[in-house]
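Below is one structure, written out as structure tokens, with a few remarks after it.
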Amino acid sequence: MMNKIKFKNGMCFNTDCMKLMKEMKDNSVDLTLTDIPYDGVNRKSNGLRNLDKGKADVLTFNLHSFLDEVYRVTKGTTIIFCGQNQLSEIFNYFDNFAKKNKGTVRQLVWAKCLDGNEMVFCKNNQTNIISRRYLKDIYRKNPNLLSVWNGQEWIQIFDIKKSIQTQYKEIVLRNGHVIKCSNEHKFYIQNKEIEARELKVGDVLDHVSLPMENCIFNNTILTKEIFWFIGHFIAEGSYSYDANGKPKTIQIATNKHNDKVLSIIQTVCKQIGGTYSVYDDDDSIGNGRNIHIRSKLLLAILSEYVSGQLSYGKHFSSKCFNISKQSLHYILQGYLDGDGYYELKNDRYRFAFTRKNYELVYDLQLICNILGYWITAYKRKSKCNGKIFSTWNVTIKYNHNNDAINAKNNYEIIEIKDKINTTNKKFYDIQLENNPHQYCLYDGVLTHNCNPSPMNGKYIYLSGTENAIWFKKKGATFNAYCKSNVFSFPCGRGKLHPTEKNHDLIKDLILDNSNEGEILFDPCAGGGTHLYLGSLLNRKVIGSELSEEYFEIIKDRFKELS
């Protein structure tokens, strides 16, 4: 007599699935949804991945005989998750019935995430230009043209997947970086992979220094004074325009007692052959000074190194990240000499600017990582002349001792929020060409794609996906409409069983292929996820699990449903 447990809406047997199915009647279940053992494809012995699923990964039955029984007992739809080496055999088996007009067969692909507004540090493989790129922009263009930095070398992007998450994490770092990601997305703490759901306030994320070895735009024409002026223009500069709307004159707003700014502008004009005029406020009005500079060469230089023209949109172009570190330091110093207030006591620069200029704060975080400087950036409400403004409040220190008493780490988590996705926010997962499957975000934070394939993505298109075969007999339930066979969800939690699938994915499949009150059957129940979710969705469920260990887990799991 088979050992079994009964619970709300169904039961599960501790027995061999072949034995159970032989006792079941023809066409007795509406939906068979199962995840068969992949027969060792992820075992340590293959030398490809440090992962051993033990008996959960061992096939104990003849696959063709198993399919015969599944076809016989299922009157509706069959969905079988399987390994790559099993895919063709299962597809061909059901395809034989499809060719006889007895049903329809499809291959389902589960693509296993970071918010689309998150950025990574990239290099163009054709031009060697390095820059920060939004994930959503990488997705829209050809991702294979880009490589990402993993702390030691550039790794080519193999593919990028998009999905919608019902829930996500918002992780705030001390440096101002706000990371939005799926609960399953992985980061590193002391070289160990940690899911976002396991992170806590006070954790310090592993990070790396970003390289700047290209210097492909170094030009002897550009002196340190010109680089300083580029940064200062971003802080204090604007244009006047001709009748065609093109920049004609460069304007710098400063204080008439600030001799440094005027001195450097005089030097720059001598170096590039420009002219300038100085307009000081009357002493009775104030201390303002406007300097107007006329130089086609300087206008051309600014157009290359500065992105945006309006005060709330100006920031550093990608060209700034492809010069020497010394030149980049001059650009930053020029900016700080404009917008920054230097506190001698604390040896730091402090300043604020409009919250609209996200690009500028991202650039400053990137620059400080490259140069090894310390930065914090917080959103604040600032009051000026009786009005309230939303601003970024930024602090930058050239010298910061992380080992000092009470020192704060840039990459410490200071806040974690659980969010509900009410706006269909898109999330993305980068898949890399080969191991290690880690890469860094724009400020050096190390992260990891959710579930890279154990295979080498340089040779096969498998990284970050799993496969299933879907076979629907004629007349079977199908509640979806114009739905793609590619499902984008992060990897499963794997807490109760090493091959446990994403719950939202399984719910989708159950809702698409069955109705309330119909029977769901899982012959390889594992930790009982399919049965558990089917029962919650008001399906009648039947399952079998050979392993006594996992059968006990199923017992514990279903106590609340008994």
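What follows draws every value from the coordinates through simple rules; no lab data is involved. Computed from a predicted structure; not experimentally measured. Cβ: placed from backbone, ideal geometry, glycine included. Neighbour counts: every protein chain shown.
Details
- Structure-derived P(r) over Cα pairs in 10 Å bins from 0, in percent - corresponding label in [x] 3, 15, 23, 24, 20, 11, 4, 0, 0; [y] 3, 18, 29, 28, 17, 4, 0; [z] 3, 15, 22, 19, 14, 11, 8, 5, 2, 0, 0: [z]
- When the Cα gyration tensor is reduced to axis lengths a ≥ b ≥ c, the ratio a/c is 1.5 or higher for segment 321-372, and with a/b not above b/c it is classed as oblate.
- Scoring 353-364, 269-280 by mean Cβ neighbours within 10 Å over their residues and listing the highest first yields 353-364, 269-280.
- Residue by residue, segment 26-35 carries 3J(HN,Hα) couplings of 4, 6, 9, 10, 8, 9, 9, 10, 8, 10 Hz when phi is fed to the Karplus relation 6.51 cos²θ - 1.76 cosθ + 1.60 (θ = phi - 60°); x denotes Gly or Pro.
- Its Kirkwood hydrodynamic radius, worked out from the mean inverse distance over all distinct Cα pairs, puts segment 224-410 at 17.6 Å.
- Options Ser390, Ser263, Asn287, ranked by Cα towards positive dipole end of segment 224-410, top entry (Cβ charges): Ser390
- Two-site FRET efficiency, Asp259 against Gln167, from Cβ-Cβ distance with R₀ of 51 Å, rounded to 0.05: 0.35
- Shape call, segment 302-448: gyration tensor on alpha carbons, a/c limit 1.5: rounded
- Each Lys and Arg adds +1 at its Cβ and each Asp and Glu adds -1 at its Cβ; summed about the Cα centre, segment 224-410 shows a dipole of about 520 debye.
- With an a/c value of 1.5 or above and a/b not larger than b/c for the gyration tensor axes a ≥ b ≥ c computed over the alpha-carbon atoms, segment 263-319 is described as oblate.
- Backbone phi angles across segment 78-92, fed through the Karplus curve with coefficients 6.51, -1.76 and 1.60 (θ = phi - 60°), yield HN-Hα couplings of 10, 10, 10, 6, 8, x, 4, 6, 9, 4, 5, 5, 5, 4, 5 Hz in residue order; Gly and Pro are listed as x.
- Entries in Lys8/Lys75; Lys22/Lys472; Lys162/Lys483; Lys224/Lys319; Lys248/Lys325 that, when Cα-Cα distance is taken, lie over 27 Å: Lys248/Lys325
- Residue among Leu432, Asn101, Met119 farthest towards the positive dipole end of the chain, charges placed on Cβ: Asn101
- Neighbour-count ranking [beta-carbon atoms within 10 angstrom, fewest first] of Ile264, Ile130, Ile230: Ile264, Ile130, Ile230
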